[in-house]
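What follows is a single structure, written as C-alpha cells, with notes after it.
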Amino acid sequence: MKYFLIALFALTARLATAQDSLLQARLKPLRGAIAPFSSFAKKDSLFLVCFWASTSDESMNELNAINANLEKWKSAVPFRMLGISEDEGKMVNRVRGIYNMNSWTFEVFTDIYGDLRRALYSNNLPQSMILFKNKIIYQQSGWTAGSENYLFQKLQAAHAGR
C-alpha cells in the first residue's frame, strides 16, 4: 500500500509539472514578442496544434490541406488552429516567408526554445494534437493525403463531448 501511494504521488506531481510547463512554454508569434502559451490559450478552448518545420515536405502538405478546409471546419466546430514551427537558428527567418507564400489563415508561432515541444512530448514531424483544457485528447504523427479529415472528425467528437 505504501508503494502504491508513493507511485500515485509521483504520477500526480509529474502531471502537475507537465501542466505548468505547457502553460509556461514560450512561443514567438510572427509579429510580436515572445510570450508564454498561457497568454494565447483560453482555459476552455479547443485547439488544433500542428508542429511543423520548413524542411519537412510532409509538414507543409499537411498544413496546406488543413488550411484548404479551415473555414469550413471552423463554421462547424469552434476551435483555434496553431501552427508551431520547430525551426531553429537561421531557419526561423524562413517561417514568415513560408506563411505568406502559402497564404495560411491560421496563427503561426515559432517554438524557438523547444518549450512547447517538450511540454507536449512532440518528437515527430508533422505531429498534430487536439488540446482541450490544456490537455492532449488526441494526437497523430505523420501525414498522408486525407488524414486531415480524420483530424476534423476528432475535433467534432471533442466538441460534442465537451
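The values are calculated or read from the model by the stated rules, or taken from the named source; none is laboratory data. Since this is a predicted model, take the numbers as computed values, not measurements. Quick reminder, even Gly has a Cβ in these numbers, built from the backbone with ideal geometry, and neighbours come from all protein chains shown. All accessible areas refer to the heavy atoms of the entire protein, side chains included, with ligands and DNA or RNA removed. Shrake-Rupley method; radii C 1.70, N 1.55, O 1.52, S 1.80 Å.
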Looking only at region 35-47, decide whether some residue is of a type in the set (S, T, N, Q), in contact with a strand residue (DSSP E or B) (Cβ under 7 Å, 6 or more places away or on another chain) and surrounded by 18 or more Cβ atoms within 10 Å (Cβ to Cβ).
no
Tell me, please, whether a residue that is open to solvent by 70 Å² or more (accessible area, probe 1.4 Å), under 26 Å from G32 (Cα atoms) and at pLDDT below 90 can be found in region 100-117.
yes
Cβ-Cβ distance below 6 Å, separation of 6 or more or different chains: which pairs start in region 99-110 with a residue that is closer than 24 Å to R26 by Cβ and touching a residue at least 40 places away in the same chain (Cβ under 8 Å) and end on one that is open to solvent by less than 10 Å² (accessible area, probe 1.4 Å) and among the polar types (S, T, N, Q)?
T110/S85
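So which residues in region 123-138 are open to solvent by less than 10 Å² (accessible area, probe 1.4 Å) and either assigned to a loop (DSSP other than H, G, I, E, B) or not hydrophobic (A, V, I, L, M, F, W, C) (or both), if there are any at all? Spell out the reasoning first.
Going through region 123-138, the residues open to solvent by less than 10 Å² (accessible area, probe 1.4 Å) turn out to be 126-131.
Those that are open to solvent by less than 10 Å² (accessible area, probe 1.4 Å) and either assigned to a loop (DSSP other than H, G, I, E, B) or not hydrophobic (A, V, I, L, M, F, W, C) (or both): P126, Q127, S128.
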